[in-house]
Amino acid sequence: MTRPLKGQAAIVTGSTSGIGKAMAIALAEAGADLVINGLGDPDAIEAERAAIEADHGVRVHFHPADMTKPGEIAAMVADTVDLYGRLDILLNNAGVQHVSAVEDFPIEKWDQIIAINLSSAFHATRAAVPHMKAAGRGRIVNLASVHGLVASPFKSAYVASKHGVVGFTKSVALELAETGITCNAICPGFVKTPLVEGQIADQAKVNKMSEDEVVRDIILAAQPSKHFIEMDQINGMLLYLVSDAGAGVTGSALSVDGGWSAR
Ligand code: NAD
């Protein structure tokens, strides 16, 4: 198997679950040393860390930075460079959701969603760019969403944060266009992860429907393919963006959404 990322170092925020975990494994499979991050049970996180290391023959460290805390985010980037002597790939993936009518939207949930989904990408990018500029190469990939391109009701904070991520991606890409560093956003439709399982339960409550009805009539109603997006389909886009072949793509919001944003 070819290992095109051998010798490179990557940070994946929010990689103790779902898409982030799957992307971290894909980068390790391609040879990258990793810093994984996220919330969760310490024993489960250590088991994940050790398994990636053993399965893929790369170095994997866990960093507990809380994505609502700018100082911890900057420390995560600095610690990565101390550990590996480089930072090639920054994957801003950590994200949370809350579903509520705007007039009832809890103020602390709004602040939390903007902090984790949007501001953490700024803080990590701000800290990473000097190291990437010094190396003359880098790849920043932000996990936005189809909700970075189109909206749905009852998700005001999430949609605002993800549109913000797409705008941030474009601005950073322009700023860095001559440096060898690319910055892109991946915009998935629905992938069945714990985050979406939570939304199925929330939507069932808000709409007074069964969870099966929510999946059929709400979640996949908007996704023309009528299938959840698979992790491998996101990983394919990620591995392209971080490759040398991806050097010409920057400032793009790349849909992996079964046709949703084509409507
Ligand atoms: P998930 O809930 O399975 O995982 C979220 C990760 O973020 C976890 O590792 C969690 O610990 C981490 N996290 C949450 N708060 C944190 C904090 N304060 N500090 C550090 N880490 C924190 O969710 P997922 O579905 O895998 O989503 C990953 C990303 O993909 C998110 O940005 C999400 O918005 C985006 N996305 C998901 C879907 C989908 O259908 N699942 C679709 C489009 C975009």
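Here, each number is a calculation from the coordinates, and none is a lab measurement. Predicted, not measured: the structure shown is a model, and the values here were computed from it. Every residue, glycine as well, gets a Cβ built from its backbone with ideal geometry; the counts of neighbours run over all protein chains shown.
Assorted remarks:
- Whole-Å distance, taken between Cα centres, linking segment 90-136 and segment 25-46: 19
- Normalised by 2.2 N^0.38 Å, where N is the number of residues, the alpha-carbon radius of gyration of the chain equals 0.97.
- Segment 139-263: translational diffusion in µm²/s, Stokes-Einstein, Kirkwood Rh over Cα pairs, 10 °C, 1.306 mPa s: 104
- Cα centroid separation - segment 199-223 against segment 163-184, whole Å: 34
- Note on K208/S152: beta-carbon distance plugged into 1/(1 + (r/R0)^6) with R0 of 30 Å gives a FRET efficiency of 0.95.
- Kirkwood hydrodynamic radius computed over segment 48-162 comes to 15.7 Å, based on all pairs of distinct alpha carbons.
- Among the listed pairs K109/K133; K133/K192; K170/K208; K6/K133, a Cα-Cα separation exceeding 30 Å is found for K109/K133; K133/K192; K170/K208.
- As a ratio to 2.2 N^0.38 Å, the alpha-carbon radius of gyration computed for segment 81-219 takes the value 1.20.
- Full-stretch length increase - H227, E46 - with 0.36 nm per residue and alpha-carbon distance subtracted: 61.9 nm
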